[in-house]
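In what follows, a single structure is set out as structure tokens and then discussed.
Any read-out appearing in this document is the output of simple, stated calculations on the displayed coordinates, not a laboratory observation. Because the structure is a prediction, the values reported are computed rather than measured. Positions of Cβ are backbone-derived with ideal geometry, glycine not excepted, and every protein chain shown enters the neighbour counts.
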Amino acid sequence: MKDYIQRLKDNCPTYRFVFWWILRATLLFAFVKGFFPAEGEAFDITDPLQVGANFLCTFAWEIFMAFPKKSIFRHVASGFQSALMVMIWCGSFGGKFLNLYYDFRWWDVALHFVGGGACVFFGYEIVCAILKARKSTAPMTLILLASVGFSFLASTCWELFEFSFDQIAGMMGGYPGDAQHWSLELALGTPKELTLFDPIVPERWPIMDTMADIVLNSVGALLAYIFIKFVPYRHKGKNAFELEQKEAEKATK
């Protein structure tokens, strides 16, 4: 345990831990508060469950650091988790707990747009961690393809995550939850009523909202792809791990 704690300190500055725990504290508050709805509010079991599941995801990097030294996850930078936690906080605390999905027209739009791009960077970090762990290199075209593929995988998994919680709520309470924000009835009279694309008929509102999320994820991913293509920051300057590997190989000869 002592070695593990020292490993965390060596690979992550203190201010990041402070930042993480501030966000975690707010998520814990939202999780507990979800079991005690205000007077007149309906209790939805998916609210605290979704926040709780997202809270567990905020420990990804600490879990990575517990892996064996040869594991690729040990080479993932701590900044990965900072970006991940901001996205989780904006979705769970801001969107779900503070109800900004319905009170602020562009909240969901911004999250999917930024999230699609952020996941390309996450994929890039993971691929670079794999290369660093194996002391190897790969064509930039292949790295970018894997990064974009990771973004689409993450976006799909998120939609499946929301769908699953709505189904769980339906089985437990007899009526589906609103993790997917699929209900036009709930959206009526709020800024959320206006989807990114005109649904034409009310029956198409849920599918148009979901398709808008997919389009935004894709546009964000495309812009991130273009950025990394021209600024491959893990392959230049002090972050050029290929140079580090070559120097290490020379030192062992």
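Cβ-Cβ distance of residue 222 and residue 14, R₀ of 45 Å, FRET efficiency by 1/(1 + (r/R0)^6): the value works out to about 0.80.
Overall size of the stretch 18-112 from C-alpha positions, given as principal axis extents largest first: 53, 28, 22 Å.
Comparing 144, 223, 56 in a Gaussian network model of the chain where C-alpha atoms under 10 Å apart are linked, the largest mean-square fluctuation is found at 56.
log₁₀ I(q)/I(0) of the chain at q = 0.12 Å⁻¹, via Debye over equal Cα point scatterers, no solvent, to two decimals? Here log10 of I(q) over I(0) equals -0.80. Membrane-span-like helices in the chain (whole DSSP H runs, Cα extent of at least 30 Å along the helix axis, mean Kyte-Doolittle hydropathy of at least -0.5): 107-133, 140-173, 205-230. Between 114, 201, 231, the Gaussian network model of the chain with springs among Cα atoms under 10 angstrom shows the greatest mean-square fluctuation at 201.
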